[in-house]
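Encoded as structure tokens, the structure appears first; notes follow it.
The values are calculated or read from the model by the stated rules, or taken from the named source; none is laboratory data. Computed from a predicted model, the values in this text were never measured in an experiment. A quick note on method: Cβ atoms are made from the backbone with ideal geometry, for glycine too, and the neighbour counts reach across all protein chains shown. Side chains included, ligands, DNA and RNA excluded: accessible areas come from the protein's heavy atoms. Shrake-Rupley method; radii C 1.70, N 1.55, O 1.52, S 1.80 Å.
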Amino acid sequence: MSRWHISLILGGVITVLVAGAALVSRIWTPADPTAMDIMARLQAPNAAHWFGTDQIGRDVLSIIMAGAWTSLGIAVVATAIGGALGTLLGVTAAARGGRTERLVMSLNGVLFAFPPILSAILLGALLGPGAVTAITAIGCFMVPVFARISRAAAIQNWARDYIAAARMAGKSDARITAEHVLPNIMPQIIVQLAIQTGLAILSEAGLSFLGMGVSPPTPSWGRMLSESQTFLGSAPHLVLAPGLAIAITVLGLNLLGDGLRDLTDPRRGQRA
Amino acid sequence: MIPTRLRRLAAALLMLLVTSLVIFLAIEAAPGDPAEIMLGTSAQADTLAALRSQLGLDRPLMVRYAAWLGGVVTGDLGQSYTYGVPVAGLIAERMLVTLPLTLMATVLAVVVSVPLGVMAAARPGRAGDGLASVFAQMGIAVPNFWIGLLLILGFALKLRWFPTGGFPGWGDAGIGAIRSLVLPAIALAIPQAAVLTRVTRAAVLDIASEDFVRTARAKGLSRRRALWRHVVPNALLPVVTMLGLQIPFLISGAVLVENVFNLPGIGTLAYQALSQRDLIVVQNVVLLFAVIVLVVNAGTDALYARLDPRLRGRA
């Protein structure tokens, strides 16, 4: 079994499991993730609470499952918006060239100067914390990433013979982009979607760690880590569970992206 | 040559201008009256008006923007609304923590990742390569603030080798300061090192298959000599580029890691200023970070062009 097979399968399985846990949490969790039980607070992992309980006796496994919905939800929406806008800008730049291309690249430069945390601080001043702030901050940073990749890929396609043929057939730039360029660069975009969703999960966790993500009582992995700091010495399981959840989810998405890349680009697959 | 450079410089300046305008307008639109924040909600209307005019807040929008830009150029960033001290001094003081922290992390990341990446590429598919790729995958996936928490748990709470957080200042020959920066620097360095390991490995593999390397080998150079004399120096190009591209992540990471270790750096300053609605501090810190990213990117491009003769004179 070659390396990309392993990446693809392992990454796919992890991603499906995390997404499954997020979906299941909407209808069932082992316990109510908001139900307090002060008598059972700060319990280490045991038979009744597999991942232990937190400072007010909530079941950590249930919060982790519900948190998966929050993290994945914000990450997927932010990546989808950033990916769509970025790709649109990228293929437009490639199709039009000249002034449009320079404008897009400059816009990219400006957006790239605002890492998610920075835009979240700026947006936090404007809108206050919350899901919209987090999604906008993360999505904005995705735009230049997708614009750069899709532009580079699209430019390669524009040099091909079949595009020249389509042009001679009288098709407009927009139509050629939609009918020929976009389908051809889609594999690269899909690979990036997987990898960037992973990065978005990390950003979302960072934002909620700082208190700039979703507000309580909506569970979030980042805020769990932030709250765990107080009990670092007495209840280390509170630090381990959310951190592992983040790391495993991101690892899965990265492996999936790598596997897909090697699958769609045979040249790389052979070399790896 | 010169027109290309000038055009680049002009584009970079324009980008800086647009960036500063975006930041200024966002902060302008943000709710909260600075005068009210400084004097409290119970202040008299005429006192508030007097302070507003003293702060120059009664001037038109564009005049204030120009005044801010002028201040940025001359180093006068205004007064902090909550601390009542000049913002420039506040930033400079906090820089004494953030700058050493990010430098230590970057050096650490390079020192770990370059040898690891070269080792992985020298014997692809062997144990060393496997180890490097596991490190790279794990390092990219773990959040740096979580690494920070784990380091505190292991090396500060259990082993007691390092403090759990805080910063004693640069007195006392800086030993206390360095000690309190070690764990945060490691936390910040691991994700960076993971990315750089990957890039180094790919770059070395890429260069190793070039004709000039084959020529060097055909001339009788040993594998090892060809690797270190011809392959590695050329492979460092993409590594330098990646270092530049990683700056936004380094900055985000610093904000988080400073928070975990309770370090009085720029990241903590921005974060605290936001929660205290000290918007003039937020405005200037965000601009500072954005300028660093833009300048480093422009610098990386220029350096890249210098290091790779094939790119000279290209836009």
**OP:** Residue by residue through segment B:156-175, note down the ones that are surrounded by fewer than 17 Cβ atoms within 10 Å (Cβ to Cβ) and within 12 Å of chain A (Cβ to nearest Cβ).
**Re:** B:LEU157, B:LYS158, B:ARG160
Subject >> B:THR215 being under 15 Å from B:VAL118 (Cα atoms), away from chain A (no Cβ under 13 Å), in a helix (DSSP H, G or I) and of a type in the set (Val, Ile, Thr) >> reply: no
Original post:
Does any residue of segment A:149-170 turn out to be more than 30 Å from A:ILE64 (Cβ to Cβ), within 14 Å of another protein chain (Cβ to nearest Cβ) and under 22 Å from the mean Cα position of the chain (by Cα)?
Top reply: yes
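Please determine whether any residue of segment B:3-10 is of a type in the set (S, T, N, Q) and under 28 Å from A:CYS140 (Cβ atoms).
no
Which is among the aliphatic types (A, V, I, L, M), open to solvent by less than 10 Å² (accessible area, probe 1.4 Å), without any contact (Cβ under 8 Å) to a residue 24 or more places away in the chain and in a helix (DSSP H, G or I), of A:LEU126, A:LEU225, A:LEU207?
Numbers: A:LEU126 fails: open to solvent by less than 10 Å² (accessible area, probe 1.4 Å); A:LEU207 fails: without any contact (Cβ under 8 Å) to a residue 24 or more places away in the chain.
Among A:LEU126, A:LEU225, A:LEU207, only A:LEU225 is among the aliphatic types (A, V, I, L, M), open to solvent by less than 10 Å² (accessible area, probe 1.4 Å), without any contact (Cβ under 8 Å) to a residue 24 or more places away in the chain and in a helix (DSSP H, G or I).
Please tell me if A:ALA165 is surrounded by fewer than 21 Cβ atoms within 10 Å (Cβ to Cβ) and assigned to a helix (DSSP H, G or I).
Numbers: surrounded by fewer than 21 Cβ atoms within 10 Å (Cβ to Cβ): yes; assigned to a helix (DSSP H, G or I): yes.
Judged against the criteria, A:ALA165 is a match.
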Subject >> Residue list for segment A:148-162, restricted to those being touching a His at 6+ places or on another chain (Cβ under 9 Å), assigned to a helix (DSSP H, G or I) and open to solvent by 80 Å² or more (accessible area, probe 1.4 Å) >> reply: A:TYR162
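Do we find that B:ASP76 is among the acidic types (Asp, Glu) and surrounded by 14 or more Cβ atoms within 10 Å (Cβ to Cβ) in this structure? Spell out how you get there, then give the answer.
Working: among the acidic types (Asp, Glu): yes; surrounded by 14 or more Cβ atoms within 10 Å (Cβ to Cβ): yes.
Here the answer is yes, as B:ASP76 does meet what is asked.
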Original post:
Among the residues of segment B:21-35 satisfying the criterion of being more than 10 Å from every other protein chain (Cβ to nearest Cβ) and touching a residue at least 60 places away in the same chain (Cβ under 8 Å), which is least open to solvent (accessible area, probe 1.4 Å)?
Top reply: B:PHE24
Subject >> Single residue of A:ALA159, A:ALA165 found to be at pLDDT below 85, over 22 Å from A:SER220 (Cβ atoms) and not β-branched (Val, Ile, Thr) >> reply: A:ALA159
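Which is more than 16 Å from A:LEU210 (Cβ to Cβ), more than 13 Å from every other protein chain (Cβ to nearest Cβ), of a type in the set (A, V, I, L, M) and without any contact (Cβ under 8 Å) to a residue 60 or more places away in the chain, of A:LEU88, A:LEU103, A:LEU107? Talk me through it step by step, then tell me what you get.
On the way: A:LEU103 fails: more than 13 Å from every other protein chain (Cβ to nearest Cβ); A:LEU107 fails: more than 13 Å from every other protein chain (Cβ to nearest Cβ).
Just one listed residue meets the conditions, A:LEU88.
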**OP:** Please enumerate the residues belonging to segment A:86-100 that are open to solvent by 20 Å² or more (accessible area, probe 1.4 Å) and among the hydroxyl-bearing types (Ser, Thr, Tyr).
**Re:** A:THR92, A:THR100
**OP:** Using the structure shown, decide if A:PHE114 is more than 16 Å from the chain's Cα centre (by Cα) and aromatic (Phe, Trp, Tyr).
**Re:** yes
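Just to check your reading of the model, which residue among B:LEU237, B:LEU245, B:LEU227, B:LEU221 is surrounded by 20 or more Cβ atoms within 10 Å (Cβ to Cβ), of a type outside the set (Asp, Glu) and in contact with a helix residue (DSSP H, G or I) (Cβ under 8 Å, 6 or more places away or on another chain)?
B:LEU227
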Original post:
Has segment B:37-52 got at least one residue that is within 14 Å of chain A (Cβ to nearest Cβ), more than 25 Å from the chain's Cα centre (by Cα) and either modelled with pLDDT of 80 or more or open to solvent by 50 Å² or more (accessible area, probe 1.4 Å) (or both)?
Top reply: yes
**OP:** Pull up segment A:232-254, narrow it to residues that are at the interface with another protein chain (Cβ under 7 Å from one of its Cβ atoms) and under 21 Å from the mean Cα position of the chain (by Cα), then point me to the one that is farthest from A:ILE6 (Cα to Cα).
**Re:** A:GLY243
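Okay, residues lined up against (1) within 30 Å of A:VAL191 (Cβ to Cβ); (2) surrounded by 14 or more Cβ atoms within 10 Å (Cβ to Cβ):
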residue	(1), (2)
A:HIS5	yes, no
A:ALA21	yes, yes
A:PRO33	no, yes
A:MET36	no, yes
A:ALA44	no, no
Original post:
Can A:GLY57 be described as assigned to a helix (DSSP H, G or I) and buried (at least 16 other Cβ atoms within 10 Å of the Cβ)?
Top reply: no
**OP:** With respect to B:ALA141, determine if the residue is touching a residue at least 60 places away in the same chain (Cβ under 8 Å), among the small types (Gly, Ala, Ser) and over 30 Å from B:ALA273 (Cβ atoms).
**Re:** no
Subject >> The listed residue being touching a residue at least 60 places away in the same chain (Cβ under 8 Å), crowded, with 19+ Cβ neighbours inside 10 Å and closer than 26 Å to B:ILE140 by Cα, out of B:LEU256, B:LEU269, B:LEU279 >> reply: B:LEU256
